[in-house]
Amino acid sequence: MKIEGYFDPDFKPPAPFVDAIIVSKEAGIRHKVSFLIDTGASMTILLDKDVKDMGLDVGRLTKAEKQVGGIGGSVETYLVEDARVVFESDEGFYEEALLLYIGVHDLTGAEEETMKRILVIPSLLGREILSKFDLYCFPRKGKLYLEYSK
Amino acid sequence: MQEIKNKEYREIFSKSKENREWFRKNREKLLEEYSEQFVLISEQRVIAYSPDLDRLIKMVSPKYREKEHLIKYLSKEGIELVL
């Protein structure tokens, strides 16, 4: 089973992405998210741009005990415990439960440049999901896919 | 029930792909017109644009917010990230 990704040319150099639908009753969301495939990230995290786009009220969510570091400064982290991620594959839909992290930067009083720098950071698809697949990445050919086999 | 869900998922992925393809084809033109701004694309056209993401989101009516859409930041320099 193959899940096709793509390289986003807005990033320099083009960055590997895959689209997925995130579903959660707890957070009241069912949204498509374009995830940066980040083999350096331990977990999957929704970040500011997508959080704002979804109109997600983080006040309703549980604050994570562990804070996440390394995403452009200090991030308030919340947890969605009933989330599911849905990918479209060549054999139908592939659905997986996950503990979803939501990361929100404090942008109060931030300068416009800092704000932009933070708001262009995409949500990250981390290794807890990526490790279920084999990742094939051919940047020179512009091809990218995740493959799952039992 | 599963069929309804699958139909909904199929529609989301298909519209998302259409918007992404449209963006890819028109990227150079959009870069000229909306450089250093966020743009919201739905139904293969630009619905709103602003240098301020919060303002952009407020500008768009719920009719478009609920539809499958794409928010992109257009920068001639390209986005560089080190996470």
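No value in this document is a laboratory result; all are computed from the given coordinates. These numbers were taken from a predicted model, which means no experiment stands behind them. Cβ atoms come from the backbone with ideal geometry, glycine included; neighbour counts cover every protein chain shown.
Brief remarks follow.
- Top of B:Lys72, B:Lys15, B:Lys29 by mean-square fluctuation, Gaussian network on chain B, Cα under 10 Å: B:Lys29
- Cut-off 16 Å, label 7 Å out along Cα→Cβ of B:Arg45, residues of segment B:1-33 by amide N: B:19, B:22-23, B:26, B:30
- Look at the dipole of chain A built from charges on Cβ: of A:Gly109, A:Tyr78, A:Pro122, the Cα furthest out on the positive end belongs to A:Pro122.
- Share antiparallel - DSSP beta bridges, chain B, percent rounded to 5: 100 percent
- With the simple spin-label model, which puts each label point 7 Å out from Cα in the Cβ direction, the A:Ala97 to B:Lys29 separation comes to 4.8 nm.
- Shape analysis of segment A:1-129 places it in the oblate category; the axes a ≥ b ≥ c from the Cα gyration tensor give an a/c of at least 1.5, with a/b not above b/c.
- Helical mean residue ellipticity (222 nm; -39500 (n - 2.57) per DSSP H run of 4+; nearest 500) of chain B: -17500 deg cm²/dmol
- Candidates A:Asp48, A:Asp38, A:Asp106: whichever shows maximal mean-square fluctuation once chain A is modelled as a Gaussian network with Cα springs under 10 Å: A:Asp106
- Taking a ≥ b ≥ c as the square roots of the eigenvalues of the Cα gyration tensor, an a/c ratio below 1.5 marks the protein assembly as shown as rounded.
- Residue-averaged beta-carbon neighbours from other chains (10 angstrom radius) around B:73-81: 5
- Links that overshoot a 30 Å alpha carbon limit, given the list A:Lys141/B:Lys76; A:Lys63/B:Lys58; A:Lys32/B:Lys76; A:Lys25/A:Lys49; A:Lys12/B:Lys7; A:Lys12/A:Lys63: A:Lys12/B:Lys7; A:Lys12/A:Lys63
- Taking Cα atoms only, the orientation of helix B:2-34 departs from the longest principal axis of chain B by about 20 degrees.
- Model label points for B:Glu77 and A:Lys12, set 7 angstrom from Cα along the Cα-to-Cβ axis, are 0.7 nm apart.
- Local electrostatic count at B:Val82 - Lys and Arg +1, Asp and Glu -1, tallied over other residues with Cβ under 14 Å: 0
- Global geometry of segment A:75-150, whether rounded, prolate or oblate, following the gyration tensor of its Cα atoms and the 1.5 cut on a/c: oblate
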